[in-house]
Amino acid sequence: MEIPKGHYIFGTVKVGERGQIIIPKEARDVFQIKAGDTLIVLGDEKWGIAVTKSDVLERHANEVFRKISEGDNDDNQ
């Protein structure tokens, strides 16, 4: 199976007694995750769990809000 560029399979992790997981080193390197970074855990009952750095999600949210705002300005002209 060929994995498309920019997509990764980092392997598996086990959930510990306290619900903790260890993010594989290769994933930490690719996504520049360091000790002390804040991650957001998102969930969808159909698709599962996603983990992302909070600053990445914030950038995407700001871009969405900017585009919404620009769209509102276009409607008012």
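Within region 42-65, how many residues are open to solvent by less than 100 Å² (accessible area, probe 1.4 Å) and either under 13 Å from the mean Cα position of the chain (by Cα) or not aliphatic (A, V, I, L, M) (or both)? Walk me through it before giving the result.
Pass one, region 42-65, residues open to solvent by less than 100 Å² (accessible area, probe 1.4 Å): 42-44, 48, 50-57, 61-64.
Filter once more, so that each one left must be either under 13 Å from the mean Cα position of the chain (by Cα) or not aliphatic (A, V, I, L, M) (or both): 42-44, 48, 50-57, 61-63.
So the answer is 15.
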If we keep only residues of region 1-40 that are closer than 28 Å to A61 by Cβ and acidic (D, E), then the residue surrounded by the fewest Cβ atoms within 10 Å (Cβ to Cβ) is D29
(message) It is to be established whether one or more residues within region 36-58 are out of contact with any helix residue (DSSP H, G or I) (no Cβ under 6 Å at 6 or more places or on another chain), without any contact (Cβ under 8 Å) to a residue 12 or more places away in the chain, outside any loop (DSSP other than H, G, I, E, B) and of a type in the set (F, W, Y).
(response) no
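The values are calculated or read from the model by the stated rules, or taken from the named source; none is laboratory data. This structure is a prediction, so every number in the text was calculated from the model and none was measured. Note that each Cβ is placed from the backbone with ideal geometry, even for glycine, and that neighbours are counted across all protein chains shown. Surface areas here come from the heavy atoms of the whole protein model, side chains and all, with no ligands, DNA or RNA. Shrake-Rupley method; radii C 1.70, N 1.55, O 1.52, S 1.80 Å.
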